[in-house]
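Here it is, the structure, as structure tokens.
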Amino acid sequence: MQKVSVLLFLAWVCFLFYAGISLFTSGFLLTRLELTNHSSCQEPPGPEPLPLGHRGEPGACWMASRFSRVVLVLIDALRFDFAQPQSSHMPGEPSASLPFLGKLSSLQRILEIQPHRGRLYRSQVDPPTTTMQRLKALTTGSLPTFIDAGSNFASHAIVEDNLIKQLTGAGRRVVFMGDDTWKDLFPGAFSQAFFFPSFNVRDLHTVDNGILEHLYPTMDSGEWDVLIAHFLGVDHCGHKHGPHHPEMAKKLSQMDQVIQGLVERLENDTLLVVAGDHGMTMNGDHGGDSELEVSAALFLYSPTALFPSVPPEEPEVVPQVSLVPTLALLLGLPIPFGNIGEVMTELFSGNKDSQPHTSAMAQASALHLNAQQVSRFLHTYSAATQDLQVKELQRLQSLFSKASADYQRLLQSPQGAEAALQAVIAELQQFLRGARAMCIESWAQFSLVRMAGGATLLAAACFFCLLASQWATSQGFPFHSHRLSVAWGLAGTIIYAGLLATAGLKLDPVVLGAVAAVGSLLPFLWKAWAGWGARRPLAALLPIPGPVLLLLLIRWAAFFSDSFVIAEARATPFLLGSLILLLVAQLHWEGQLLPPKLLAIPRLGPSTPAVPPRHNGMHALGLGVGLLLCTRLAGLFHRCPEETPACRSSPWLSPLATMVGGRAKNLWYGACVGALVALLASVRLWLRRYGNLKSPEPPVLFVRWGLPLMALGIAAYWALASGADEAPPRLRALVAGASVVLPRAVAGLAASGLMLLLWRPVTVLVKAGMGAPRTRTVLTPFLGPPTSQADLDYVAPQIYRHMQEVFRGQLERNNSQGPLTVAAYQLGSVYSAAMVTALTLLAFPLLLLHAERVSLVFLLLFLQSFLLLHLLAAGIPITTPGPFTVPWQAVSAWALMATQTFYSTGHQPVFPAIHWHAAFIGFPEGHGSSIWLPAFLVGANTFASHLLFAVGCPLLLLWPFLCESHGPQKRRQTPRNEAETRVRPEEEEEEEPLMEMRLRNAPHHFSAALLQLGLKYLFVLGVQILACALAAFILRRHLMVWKVFAPKFIFEAVGFIVSSVGLLLGIALVMRVDGAVSSWFKQLVLAQQR
């Protein structure tokens, strides 16, 4: 079996999983239909005439305007408690720990001195709490769906009716300044605009200072009707420092001065709106639906009396979308067509001198217009799609009809009907709130057919991986049949697409991919069963899950518990530790830890051939204890999920720049650099130990000189990043330039090293001489060139094993000018050396994307992997020529370590925990209009552990052969001087262990082992994504589906894609090394013939 076929086979299996993930996702994460209808003054929202007095007035449309101008100050991430009076604080926390309280003192003064002119509300935000979705809600009055969160940094123009479009359509002059997200959402909509880049969360002042430069001059000019200022400093301060940092108090104090300056400049016909688009967690993040994230501040102020009563003791809670219909009617505009918000009736009650009946009628009038608009939207939307619940829709329409009829009767006899008026207001509010609740629930409707189809395809792919991994090492299995199966799948897809096109139906790429996957899988299974499987007993085809598989199945079943998903960061180290203890116990039971003299003692249970132990008992126990210790130390680096408020996240995951004390910062910087140096030194020592550091090949030279340069660049960047704010003014330009150059230089060096490794992956020391060889590692002339690929595959190990014994006499008969004799040192670790070098080159730039102190986690990662590989190698015999098999416990432990490292690097499978700062490593000024590069950097930061462990997965196969040097045969050292190169007497000669050259001794078994390893790893990862998909499918109406199960599925899906690509890259690297070794031997043999 050719190794290229192995790679193609695994790529085909990955495609099966991709098709299942895509099909399930298309049914689970749906987007609602966006209507392009628009409201207009010429078309009333309902059949009833507009209220009397609303026609013909200046600025009137559906309702007479109360204000001619509005100043909207949007303070990003202005959490509600940021605007609370100083006497209030969050329950359970002393006020001394909340430095942000009382910083917006101007709001408190207005509420105390001018209670009828200002009002503070708690704005209830609909998740997801990302900026782009909140801007959509604040302008359209609608609800973005869950999947829209993915486009938070790839905004597109809003096609739905919105306030900005209504304002420009009415000829109002809209001036904007601030977050450039508005530029993409409303292209060309502003009469004047000052956009500033918003993605750099480390920059606290550029956007805010740019706004302040234009804010007051624009207000004084009077050339505006609506002024929008979107400040970002509070949000960026939360991301960089958190809400409890002194910088947050400074930033809020700055916002307070802005509000005070605006209040002093307002005219009587102007309304001031200060709003937060969302809140933030205790860590300063947002994107989820925790109480702190969905609680934002909303403050309204007018120089004239705006409210008939004084503010309540507890601020009223209003949905965020309620601001849209309220502002539209206050400005005399039509309510946007797709709005589902409810007007804030208190703003339509008149001033404090208004009569109660007049105030109530004004409220009922506003509510009725609002209800007419929502009823029209529901009718239009239900006619275009079947998303809305039919029974609930009918009930709401009946409720609206009754409320509308009661309202018309009140208009005919307006006097003396106070109770009826209040009843009408209650009915209209009930209708509006019911409509909003129905939309929230209905827009979470799922395509059950697609979800079931995707889950079925994932299950079929997992089952196929399990069966094929059992069959892979058997003789005669049809590995090449997948090519014909792929052809069948493509043919079926083309026929299906043709039928759809003939019928005039829309072609869905997701469905076409699923059809291709099913069309290729079924023929393969049929041919494999008919031509090979039917001749074998059923028990040999169906693997029996061992204790390890059962343990993992229990873990996968726990994915159906939201509590376990939340606590997975703590459960994974426990499972990994249990598996380590199981491995040690299994080694003891199989006799791998017993002294040789005790191996002959009979034991209970099935007998297996006794293999001499490669390690003594204390050594293996030491490996197990070291693994458990590393696992425990890695657990110290953890980030607590927001659902566990009693938990405290590790402070070591924060950047050094957030530390206040200079001495502590310097000590931590030294520890981080020490971990970096230790990581570099350990890799170099490992390569030197196995002799691969003595090669003159370009990759080895790069390891000698390039890796230290990369480590130096990383250390220098850490020093600049941790002290950038403390740099003298004259050096800040230099520091800013170095912050750009250093990360890019490290990435460029890593890319160069990987290219060199792919170009010349054979890292062995070759020496040529005349006459007899001086060492045992001799490659002598071969009797004729190989006549086939099989001959070439057998050249290396045969020459490597029988060099002196076969050709010694021939060499002695040759004269001094005889054929050239070549000595190759440490060819037995050629595969592992390339893998370790590649992993190191990947790890350094990935480390740069994390906080400085995560370097300690990366050091633990390498140490933990090293110990685990040695422990696993102790139980895998290599004395047989094949087949080679990597046991399930090895693959399972490797996958568990990837998950544990994901959590130890400060990640959680939730959107608020994403490390957005990684997008600015090397790009502190942002990326312009590019979205792929920041997405790549953030993804590399998030899924670094998945990538590293997937690329390093072939080490599970290679390491047992590498550990042969620890066996009874003594490992030969590379000659260091002329005295050591003298030929030793025959009786003192010891055969050089073949190590990884044993794999080339059986090329078919080598390819089968690579295929089996890839299938097992894909199975372990595939069952994880299958469990998450089934949990989301079965628990789709669970309270925590969007908070826990949906994010977990998304992270597992992306993690599977990254891991599968990394696995293919790792196996491809092994094949590249194998091909280079074959080419090397072929050139050597041909040179001998000349």
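The values are calculated or read from the model by the stated rules, or taken from the named source; none is laboratory data. Note that this is a predicted model, so its numbers are computed, not measured. Cβ: placed from backbone, ideal geometry, glycine included. Neighbour counts: every protein chain shown. All accessible areas refer to the heavy atoms of the entire protein, side chains included, with ligands and DNA or RNA removed. Shrake-Rupley method; radii C 1.70, N 1.55, O 1.52, S 1.80 Å.
Applying 1/(1 + (r/R0)^6) with R0 = 41 Å to the Cβ-Cβ distance of residue 752 and residue 550, what FRET efficiency is obtained, to the nearest 0.05? Don't jump to the answer; show the numbers that get you there.
On the way: r = 46 Å, r/R0 = 1.13.
Efficiency computed from Cβ-Cβ geometry: 0.30.
When Rg is the radius of gyration of the Cα atoms in segment 264-405 and Rh is its Kirkwood radius, what does Rg/Rh come to?
Details: Rg = 17.8 Å, Rh = 17.6 Å.
Over the Cα atoms of segment 264-405, Rg/Rh equals 1.02.
Separate question: Tell me the carbon and sulfur percent of the accessible area for segment 60-354, rounded to whole percent, probe radius 1.4 Å.
On the way: 4790 of 9560 Å².
On segment 60-354, the fraction of accessible area on carbon and sulfur atoms equals 50 percent.
OK, next. Can you give me the Kirkwood hydrodynamic radius for segment 60-354, using every pair of distinct Cα atoms, in Å to one decimal? Don't skip to the end; give the middle numbers.
Numbers: mean 1/r = 0.0527 Å⁻¹.
About 19.0 Å for segment 60-354.
So which of 1016/1048; 136/391; 103/240; 136/402; 250/665; 103/665 end up more than 25 Å apart by C-alpha?
As for pairs spanning more than 25 Å Cα to Cα, those are 136/391; 136/402; 103/665.
Here's a follow-up. Using 0.36 nm per residue, how much length does the chain from residue 385 to residue 173 gain when fully extended, once their Cα-Cα distance is taken away? Mind showing how you got there, number by number?
Numbers: separation 212, 0.36 × 212 = 76.32 nm, distance 3.61 nm.
Value of the extension gain: 72.7 nm.
Counting only heavy atoms of the protein chains, get the accessible area per residue of segment 1027-1076 (1.4 Å probe) and round it to a whole Å² value.
Working: 1560 Å² over 50 residues.
Result: 31 Å² of accessible area for each residue.
Taking 41 Å as R0, compute the FRET efficiency from the Cβ-Cβ separation of residue 441 and residue 420 and round it to 0.05.
On the way: r = 31 Å, r/R0 = 0.77.
So, using R0 = 41 Å, E works out to roughly 0.85.
Right, something else. With each label point set 7 Å from Cα along the Cα-Cβ vector, what nm distance links residue 660 and residue 36?
The modelled label-to-label distance comes out at 5.7 nm.
Give a residue-ordered list of calculated ³J(HN,Hα) values for segment 368-373 (Karplus: 6.51 cos²θ - 1.76 cosθ + 1.60, θ = phi - 60°; whole Hz; x for Gly, Pro).
5, 4, 4, 5, 4, 5
By how many nm would the segment from residue 449 to residue 925 lengthen if fully extended, with 0.36 nm per residue of separation less the alpha-carbon distance?
Numbers: separation 476, 0.36 × 476 = 171.36 nm, distance 4.56 nm.
Difference between extended and current length: 166.8 nm.
Of the peptides 513-519, 999-1005, 696-702, how do they stack up when ordered by the mean number of other Cβ atoms within 10 Å, highest first? Intermediate results must be reported in sequence, preceding the final value.
On the way: 513-519: 22.1, 999-1005: 20.3, 696-702: 18.1.
My ranking of the peptides, most packed first, is 513-519, 999-1005, 696-702.
Taking θ = phi - 60°, what integer Hz values does the Karplus form 6.51 cos²θ - 1.76 cosθ + 1.60 yield along segment 456-471, in sequence order, with x for Gly and Pro?
Rounded to whole hertz, the list is 5, 5, 4, 5, 5, 5, 5, 4, 5, 4, 5, 5, 5, 5, 6, 8.
Below 8 Å between Cα atoms, with a sequence gap of 6+, how large is the relative contact order for segment 60-354 in percent?
Working: 645 pairs, mean separation 103.0, N = 295.
Value for segment 60-354: 35 percent.
May I have the extent of the alpha carbons of segment 894-936 along their three principal axes, as whole Å values ordered from largest to smallest?
If we take the Cα atoms of segment 894-936, the spans are 38, 21, 15 Å.
Give the ranking of 165, 1043 by solvent-accessible surface, highest area first, calculated with a 1.4 Å probe. Numbers along the way, then the final one.
Values: 165 85, 1043 30 Å².
Largest to smallest exposure gives the sequence 165, 1043.
Something else now. Please list, ordered by chain and number, the residues whose modelled amide H lies under 5 Å from the amide H of residue 194; skip anything fewer than 5 residues away on the same chain.
176, 177, 178
Moving on to the next point. Put a dot 7 Å past each Cα toward the Cβ at residue 1065 and residue 209; how far apart are the dots in nm?
3.9 nm
Using a simple spin-label model with points 7 Å from Cα along the Cα→Cβ vector, what separation in nm is obtained for residue 411 and residue 526?
About 6.8 nm, to one decimal.
Using a probe radius of 1.4 Å on heavy atoms only, what accessible surface per residue do you get for segment 60-354? Whole Å² is fine.
Values: 9560 Å² over 295 residues.
Normalised by residue count, the accessible surface of segment 60-354 is 32 Å².
Over segment 837-954, what percent of the accessible surface lies on carbon and sulfur atoms, probe 1.4 Å?
Whole-percent figure for carbon plus sulfur exposure: 75.
Roll a 1.4 Å probe over the protein heavy atoms and report the accessible area of residue 996 in Å², nearest 10.
Probe radius 1.4 Å; accessible area of residue 996 about 0 Å².
Counting just the Cα atoms, what span does segment 179-305 cover along each of its three principal axes? Round to the nearest Å and put the largest first.
Principal-axis extents of the Cα atoms in segment 179-305, largest first: 40, 35, 26 Å.
Let me ask another. Between residue 585 and residue 644, what is 0.36 nm times their sequence separation minus the Cα-Cα distance? Round to one decimal in nm.
Working: separation 59, 0.36 × 59 = 21.24 nm, distance 3.52 nm.
Going from the current span to full extension adds 17.7 nm.
Report the FRET efficiency, 1/(1 + (r/R0)^6), for residue 726 and residue 355, where r is their Cβ-Cβ distance and R0 is 60 Å, rounded to 0.05.
Details: r = 63 Å, r/R0 = 1.05.
Calculated transfer efficiency: 0.40.
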